[in-house]
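Since the structure comes first, as structure tokens, the remarks are kept for the end.
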Amino acid sequence: MKKKISQIYKIKKKYINKSQKYLNKKNKTINISGRAISKRTMKKNTFINVQDIKGNIQILINYNIFKDQYKKIIKNIKLGDIILIKGKICKTNIGELTIKCKKIKNLVKIKIPYPDKFNKIKNKETKYRKRYLDLIINEKTRKTFLKRIKLIKLIRKYLHKKKYSEVETPMLHNIPGGANAKPFKTFHNSLNTKMYLRIAPELYLKQLIIGGFTKIFELNRNFRNEGISTLHNPEFSMIEIYQTNVDYKNMMYLLENMITYLIKNINLNIKKIIYKKKTINFNRPYKKITLKKIIYKHHRKYCKNINKINNIHFLIKLCRKLNLNTQNIKNKDEIIIKIFEETIQKKIIQPTFITQYPKSISPLAKENKKNNKITDRFELFINGYEIANGFTELNNYKEQRIRFKKQILKNKKYNKNEEFYYDKEYIEALKYGLPPTSGVGMGIDRLIMLLTNNNNIKDVIFFPTLKKI
């Protein structure tokens, strides 16, 4: 057989709408390879469906071609076997595109009984632990991950067109930094030192901006030693984007343009998606509202004046009315976030930018010029998920050092047994001057959940983190 193997989806795309007369005239012989997923015999014809990652096609094994070898060939092919076929493209009497075999070879024989399409994997745990089997059996799984691959290619394509340079930064850090999360700890034997899997690449990326880059991004893995849920996996994919001489509003504009571009290209030029029976519209511009305004809007029944949201006593009373526990919270800004996260966030279905986050919970963001209690920061929410977080970067090294120290004191208050650091190397780098810069980080996995109509992050990660058995 020839070495060139055709991809099934390309054959179908090229010939699916052609007539038998056209196929006879072309008299095209091709080679394909794939897994046998179904088999049926009708008198002197056996039909086998052969599948690869992007599609499947019917092959026909006819007695008149193989004669005495026919029964042996049919018996030898079991469901799940990987076979190589050489044959002519044709159509059956009912018009199904088919390859009429001239030669067939069993490349790999399956050793474990193959669950056919009527015996699908019902146990979710098995789906995640045996992803290879899930990919073989489940068409929805294959479509999900093909869409994931396409989406990541489109993100890179979009940013390369916008002249952003893709860079790589370390995944092993000397100290944890770049986000307020619990790290995974490890140990470097040669250096005889503790190290940490990265929480976020932010501080390294901004050092590259200090070094002279003006438009950069990194699409890679982050690791956070925290809970596992339908929205959280300890190892996850994220993209961070940085640009000089723009503010956070420019990053909002970039993000909504990029997401709309992704939706159009992944969704056949349609700017709407259906997610769990809800229609989500990605027409620009996305809604923009401040954190305090959205709390006022949702709780106007209790809050007659938006300025009351600045009063901690009012906020504590509001929490009581909303049945929220504030026993261990004495910080006004933390109460505001608690009210938003527990009573409002899940109700945000359409793409919405929430802006003006408090400075006390935004240690890397630049404060607002008109109000030094808030920052030029936003978060993007879709269907109740936080999808992205961005801000104008704080570039004053003295202020950054103060914020780091305050964050460490706050963290130690709640986590007395943990070690906390501020990044002296980053402070040193800031002394050389970080140009006016803005950045945004976006969770890839959650966006893919939306675009593939999945409600569990495990369904969009090839090998999610699972408990050892």
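Would you check if ILE270 is over 29 Å from LEU394 (Cα atoms), at pLDDT below 95 and crowded, with 21+ Cβ neighbours inside 10 Å? Considered against the rule, which asks whether it is over 29 Å from LEU394 (Cα atoms), at pLDDT below 95 and crowded, with 21+ Cβ neighbours inside 10 Å, ILE270 comes out as no.
There is at least one residue in region 435-452 that is in contact with an Asp or Glu (Cβ under 8 Å, 6 or more places away or on another chain), open to solvent by 10 Å² or more (accessible area, probe 1.4 Å), over 30 Å from THR279 (Cβ atoms) and modelled with pLDDT of 95 or more. At least 1 residues being at pLDDT 90 or above, closer than 30 Å to TYR204 by Cα and of a type outside the set (D, E, K, R) is the threshold, and among the helices (runs of 4 or more DSSP H) wholly inside region 112-185 those reaching it are 139-161. Taking every residue in region 123-137 that is within 13 Å of THR465 (Cα to Cα) and pairing it with any residue that is among the β-branched types (Val, Ile, Thr), at least 6 positions away or on another chain, the pairs with Cβ-Cβ distances below 6 Å are LYS127/ILE121. In region 330-339, the condition of being closer than 25 Å to ILE382 by Cα, under 32 Å from the mean Cα position of the chain (by Cα), modelled with pLDDT of 95 or more and open to solvent by 50 Å² or more (accessible area, probe 1.4 Å) is met by no residue. What do you reckon, is GLU393 of a type in the set (D, E, K, R), open to solvent by 70 Å² or more (accessible area, probe 1.4 Å) and under 20 Å from LEU205 (Cα atoms)? Criteria not met by GLU393. Looking only at region 422-431, decide whether some residue is open to solvent by 20 Å² or more (accessible area, probe 1.4 Å), of a type outside the set (Ser, Thr, Tyr), touching a residue at least 60 places away in the same chain (Cβ under 8 Å) and over 24 Å from ARG221 (Cβ atoms). So far as region 422-431 goes, no, none of its residues is open to solvent by 20 Å² or more (accessible area, probe 1.4 Å), of a type outside the set (Ser, Thr, Tyr), touching a residue at least 60 places away in the same chain (Cβ under 8 Å) and over 24 Å from ARG221 (Cβ atoms).
Being open to solvent by 20 Å² or more (accessible area, probe 1.4 Å) and of a type in the set (Asp, Glu) holds for only one residue in GLU166, GLU202, and it is GLU166. Would region 459-469 turn up any residue that is surrounded by fewer than 21 Cβ atoms within 10 Å (Cβ to Cβ), among the hydrophobic types (A, V, I, L, M, F, W, C), over 15 Å from the mean Cα position of the chain (by Cα) and more than 27 Å from ILE175 (Cβ to Cβ)? Yes. Taking the conditions (1) part of a helix (DSSP H, G or I); (2) open to solvent by 30 Å² or more (accessible area, probe 1.4 Å) in turn, PHE213 satisfies each one other than (1). State all residues of region 186-199 that are in a loop (DSSP other than H, G, I, E, B) and open to solvent by 50 Å² or more (accessible area, probe 1.4 Å); if no residue qualifies, say none. Those that are in a loop (DSSP other than H, G, I, E, B) and open to solvent by 50 Å² or more (accessible area, probe 1.4 Å): ASN189, SER190, LEU191, ASN192. Residues that are surrounded by 16 or more Cβ atoms within 10 Å (Cβ to Cβ) and among the hydroxyl-bearing types (Ser, Thr, Tyr) were ranked within region 244-267; the one that is farthest from SER165 (Cα to Cα) is THR260. When ASN250, ASN233, ASN257 are screened for being modelled with pLDDT of 95 or more, out of contact with any Phe, Trp or Tyr (no Cβ under 6 Å at 6 or more places or on another chain) and closer than 30 Å to GLU125 by Cβ, only ASN233 passes.
Listed here are the residues, each with its yes/no results for (1) under 27 Å from LEU434 (Cβ atoms); (2) at pLDDT 95 or above; (3) out of contact with any His (no Cβ under 8 Å at 6 or more places or on another chain).
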| site | (1), (2), (3) |
| --- | --- |
| PHE217 | yes, yes, yes |
| TYR242 | yes, yes, yes |
| LYS264 | no, no, yes |
| LYS292 | no, yes, yes |
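Taking residues in region 290-310 that are touching a residue at least 24 places away in the same chain (Cβ under 8 Å), and partners anywhere that are open to solvent by less than 90 Å² (accessible area, probe 1.4 Å) and of a type in the set (Phe, Trp, Tyr), the pairs with Cβ atoms closer than 9 Å and at least 6 places apart or on different chains are LEU291/PHE340; LEU291/TYR357; ILE294/PHE340; ILE295/PHE340; HIS298/PHE340; ILE309/TYR296. Of the residues making up region 216-231, just one is among the acidic types (Asp, Glu) and open to solvent by 50 Å² or more (accessible area, probe 1.4 Å), namely GLU226. So, ILE309, is that one within 33 Å of the chain's Cα centre (by Cα), open to solvent by less than 100 Å² (accessible area, probe 1.4 Å) and under 24 Å from GLY390 (Cα atoms) or not? Criteria not met by ILE309. Is it the case that LYS405 is modelled with pLDDT under 95, surrounded by fewer than 18 Cβ atoms within 10 Å (Cβ to Cβ) and out of contact with any Lys or Arg (no Cβ under 7 Å at 6 or more places or on another chain)? Considered against the rule, which asks whether it is modelled with pLDDT under 95, surrounded by fewer than 18 Cβ atoms within 10 Å (Cβ to Cβ) and out of contact with any Lys or Arg (no Cβ under 7 Å at 6 or more places or on another chain), LYS405 comes out as yes.
The values are calculated or read from the model by the stated rules, or taken from the named source; none is laboratory data. All values reported here derive from a predicted model rather than from experimental measurement. Positions of Cβ are generated from backbone atoms using ideal geometry, with glycine treated the same way; all protein chains shown enter the neighbour counts. Surface areas here come from the heavy atoms of the whole protein model, side chains and all, with no ligands, DNA or RNA. Shrake-Rupley method; radii C 1.70, N 1.55, O 1.52, S 1.80 Å.
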